[in-house]
Amino acid sequence: MIIQIREKIKGSASKVIIWGMVLVLVLSFLTPMLLNIFTGKALWIARINGTKVGIGQLRFQKFSLENQIKQIRFQYTDQPYIADLLLQMQGLTGNLDAKALDDTIRNTLLDQSFNKLGVHLNEDHIIKAFPFDESNIAYIATQLARQGIRLEDFEKNIIDGLQRELLYNLVSLAAYVPAFEVKQQFVNEYLPKQFTVLSLSLKEILQQIKQNPADQKALELFYEQHKNSYWVPEKRSASTWTFTAGEYDLNISDQAIEKYYERNKSQYILAPVKVQVRRLLINQSPQARQTIENVLQEAKANPEQFEQLVQKYSQDEQSIKQGGLLPFISRGEGKDVAFERAALLLQQDGQISDIIETKDGFEILQRVARKPKKYKQLSLVKDEISQILAQDRFASQFKVDVAKLKNDPQNLMAFVENKKAKKGVINKASDGSKLSSALFNIKKENGFTGVTPDGEREGVLIQLNTITKRSLPPFAQIKEQVASDYYTQKASKKLAELLNQAKKIAVDSSIQEAQKIVGGSLEQTGPITKDAKKTEELKKQGLPIYKMLQIENIGGLLEQLDDSAGYLIRLDEVASFDQGLYSEKKPDLIGQLEQVQKDLIFKGFVASLYRNATIETNKEILTK
């Protein structure tokens with residue numbers, strides 16, 4: 001299974017650090033969930049080597065994890081078992097709050113380590129990595145603003161990811177894969193293997209055990225020994241009222257709108273800066289560098305004659321007829337990065353660039369004209385800004401109103417009616433959600449609190465009605481459930497014993513002899529590889545295909561237990577070594593194994609950062 005995942009997910013873990021974050025944010029534009037994640041900067045959640053980490057970073061990390069889970073589930077909709085394994089491999093099946101905190105601390109340690117190196121990212125590298133051009137930055141900035149995120153913060157996260165990628169590459173330079181390991185991996189992945197599988201069914205064993213019913217004392221003893229698994233968690237019921245900004249009658253003044261527009265004007269670009277240049281190109285050749293240097297001296301001495309110099313020296317057949325004149329360009333239009341950067345850095349018309357080296361050869365540019373950046377008129381974005389400001393004001397005003405109501409609870413119903421809140425009812429156990437956490441923090445019945453569960457787009461007022469305390473049902477009430485658990489545990493234990501017995505017999509004799517003694521069914525798989533059609537069928541049966549393919553020696557045995565069966569698997573035959581196929585697959589195998597080595601080295605590096613760090617968490621904030 002891991003082999004299949006490795007083929008589906010290309011690229012290094014270091015790229016996932018960057019592009020996973022970028023894709024999460026881009027996709028988030030379509031679902032308005034992330035609001036004010038960079039707020040609360042005064043609230044710190046950890047102090048790492050003396051540096052405080054704000055709660056906004058933790059919120060951002062948790063949001064990223066939640067969207068990462070959604071994207072994995074979406075990508076593998078038809079293969080949920082791969083999604084489950086991927087999520088498990090990435091630690092995304094447990095407590096997301098704890099995972100987000102750990103990732104935030106980890107990223108901070110990595111950023112601190114990078115800064116100590118005194119290394120700086122090349123500007124061209126940043127430009128290449130940034131996945132958006134100036135023509136759509138206005139749209140992106142607007143969407144970010146709606147979510148409460150500044151464009152500068154968004155860009156900083158991308159740059160931080162690039163720095164961590166560079167740190168990853170530096171640390172993992174020591175990765176080395178010996179030749180014998182590459183060959184063994186080739187055998188495991190590509191040479192057909194045949195197996196004999198002994199299957200033992202838990203269901204059949206359970207039926208046999210139930211033929212001897214347990215007495216009352218045995219079931220009561222089992223109940224006493226496993227009481228903790230029968231506790232019913234506390235449940236709470238509450239009335240809820242949901243408020244939205246639209247019913248809050250928030251008056252946003254024209255002055256506030258104009259102020260926001262001026263402060264965030266870069267979010268409302270109608271057209272980016274554009275420049276037009278003349279181009280003089282010398283194709284790559286042994287004499288090209290000397291030629292272009294001589295031409296540059298002439299151009300600097302007589303910039304007004306640049307068009308004539310183009311017609312005399314340039315080897316760009318397409319532009320030479322126009323004296324090297326090109327159409328207007330802006331950032332990110334697909335030109336060579338060095339070309340684009342040199343053109344946009346020219347400060348005035350007629351200015352000559354230094355020599356730049358591009359994929360086409362050596363070039364000199366002259367700026368001809370510049371079109372300044374154009375902004376959308378305030379009247380076109382006024383409603384949009386009003387909504388942004390109203391949303392921000394609503395979130396803060398709702399919290400103020402809830403605090404006032406706690407001091408004057410008699411006005412609760414009048415407040416609800418005035419704001420036309422939508423009434424609802426909840427009845428639930430604690431599930432870790434924001435709404436649930438707020439409900440279970442209410443101290444007594446009829447008490448209430450407010451929460452913004454949907455990224456602060458709406459406010460929910462919660463009034464606790466009843467508390468059903470955590471309880472342990474008496475044995476008589478759940479006798480059937482206890483009996484079912486009792487038989488299942490005995491069957492599982494018996495299955496493990498039979499599987500262990502079968503393995504001992506197979507080692508001393510044969511797997512066929514083991515089947516005669518312990519029972520079960522035998523099956524020959526026929527030749528299988530990671531891509532064989534038969535492999536998919538065996539996976540659906542629950543067989544551990546990846547582990548099977550890792551068995552190296554003929555006669556090697558593998559045990560596997562799951563919730564419904566036990567398997568004893570023997571490797572019977574391996575196809576002859578195929579040198580031609582090995583030569584074809586060798587580069588990919590080396591890349592895969594090197595990546596594993598790099599990841600292990602980097603994990604060790606991160607572990608050393610933790611060991612040597614001073615980390616203090618703000619429990620008062622984290623437990624709220």
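The values are calculated or read from the model by the stated rules, or taken from the named source; none is laboratory data. Note that this is a predicted model, so its numbers are computed, not measured. Cβ: placed from backbone, ideal geometry, glycine included. Neighbour counts: every protein chain shown. In case anyone asks, the SASA skips ligands and DNA or RNA and just uses the protein heavy atoms, side chains included. Shrake-Rupley method; radii C 1.70, N 1.55, O 1.52, S 1.80 Å.
Over all distinct Cα pairs, what is the inverse of the mean 1/r for region 236-367, reported as the Kirkwood hydrodynamic radius in Å?
Working: mean 1/r = 0.0549 Å⁻¹.
The answer is 18.2 Å.
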*When we measure straight from the Cα of Lys274, which lysines land under 17 angstrom away, once same-chain ones fewer than 8 places off are left out?*
Lys335, Lys371, Lys373, Lys374, Lys376
*Under a point spin-label approximation (7 Å from Cα along Cα-to-Cβ), what is the Lys265-Gln207 distance to one decimal in nm?*
8.1 nm
*For region 565-575, just list the computed ³J(HN,Hα) in residue order, Karplus coefficients 6.51, -1.76 and 1.60, θ = phi - 60°, integers in Hz, with x standing in for Gly and Pro.*
7, x, 10, 10, 10, 10, 7, 9, 7, 10, 5
*Points 7 angstrom from Cα along the Cβ direction at Asp254 and Glu523: gap in nanometres?*
7.7 nm
*asked:* Considering the Cα positions of region 471-624, please state its Rg to one decimal place and its Dmax as a whole number of Å.
replied: 23.8, 69
*For the pair Gln318 and Ala288, how long in nm is the line joining their label points, each one 7 Å along Cα→Cβ?*
1.7 nm
*Could you please state, rounded to a whole Å, how far the C-alpha centre of region 286-334 is from the C-alpha centre of region 591-612?*
48 Å
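Which of rounded, prolate, oblate describes region 170-230, given a ≥ b ≥ c as roots of the alpha-carbon gyration tensor eigenvalues and a/c under 1.5 marking rounded, otherwise prolate only if a/b is larger than b/c?
Values: a/c = 7.78, a/b = 2.12, b/c = 3.66.
It comes out oblate by the Cα gyration axes.
Rounded, prolate or oblate, given the Cα gyration tensor of region 486-558, with a/c below 1.5 counting as rounded?
On the way: a/c = 2.18, a/b = 1.40, b/c = 1.56.
Oblate, because a/c is 1.5 or more while a/b does not exceed b/c.
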*Could you go through region 480-494 in sequence order and give the Karplus-derived ³J(HN,Hα) for each residue, using 6.51 cos²θ - 1.76 cosθ + 1.60 with θ = phi - 60°, rounded to whole Hz, and x for Gly and Pro?*
5, 5, 4, 4, 4, 5, 4, 5, 5, 5, 5, 5, 5, 5, 5
*Can you tell me the accessible area per residue over region 439-485, all protein chains present, probe 1.4 angstrom, in square angstrom?*
55 Å²
*What list of ³J(HN,Hα) couplings, whole Hz, do you get for region 298-313 from phi and the Karplus terms 6.51, -1.76, 1.60, once you set θ to phi - 60° and write x for glycine and proline?*
5, 5, 5, 6, 9, x, 5, 9, 4, 4, 5, 5, 4, 5, 7, 10
*Once amide H atoms are built 1.01 Å from N in the peptide plane, which residues 5 or more positions from Ala565, or in another chain, come under 5 Å H to H?*
Leu202
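Listed here are the pairs Lys235/Lys423; Lys70/Lys382; Lys203/Lys539; Lys504/Lys547; which of them are more than 23 Å apart at the Cα? Before the final figure, lay out each step's value.
On the way: Lys235/Lys423 20 Å; Lys70/Lys382 34 Å; Lys203/Lys539 19 Å; Lys504/Lys547 20 Å.
Lys70/Lys382, as the Cα separations exceed 23 Å there.
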_Most positive-pole-ward Cα, Ile426, Ser229, Ala390, against dipole of the chain from beta carbon charges_ = Ile426
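Counting Lys and Arg as +1 and Asp and Glu as -1, each charge on the Cβ, what is the dipole of the chain about the Cα centre in debye, to the nearest 20? Could you put the intermediate results ahead of the total?
On the way: 84 positive and 76 negative charges, 341 e Å.
It works out to roughly 1640 debye.
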*For Phe74 and Leu378 in one chain, what is 0.36 nm times their gap in residues minus the Cα-Cα distance, to one decimal in nm?*
105.5 nm
*asked:* Bin width 20 Å, origin at 0, all Cα-Cα pairs of the chain: what percent of pairs per bin?
replied: 13, 33, 35, 15, 3, 0
*asked:* Going by Cα centres, region 203-261 and region 459-506 are how many Å apart?
replied: 17 Å
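How long are the semi-axes of the equivalent ellipsoid of region 327-416, defined as square roots of 5 times the Cα gyration tensor eigenvalues? Whole Å, largest first.
Values: eigenvalues 660, 47, 21 Å².
The three semi-axes for region 327-416 are 57, 15, 10 Å.
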*For Phe195, list long-range residues whose amide hydrogen, built 1.01 Å from N in the peptide plane, is under 5 Å from its own amide hydrogen.*
Thr525, Gly526, Asp572
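Tell me whether region 158-278 comes out rounded, prolate or oblate; compute the Cα gyration tensor, take square roots of the eigenvalues as a ≥ b ≥ c, and use a/c under 1.5 as the rounded threshold. Don't skip to the end; give the middle numbers.
On the way: a/c = 3.82, a/b = 1.38, b/c = 2.77.
Note, shape of region 158-278 comes out oblate.
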*Mind listing the long-range amide H neighbours of Asp316? Cut-off is under 5 Å, sequence gap 5 or more, other chains count too, H placed in the peptide plane at 1.01 Å from N.*
Leu281
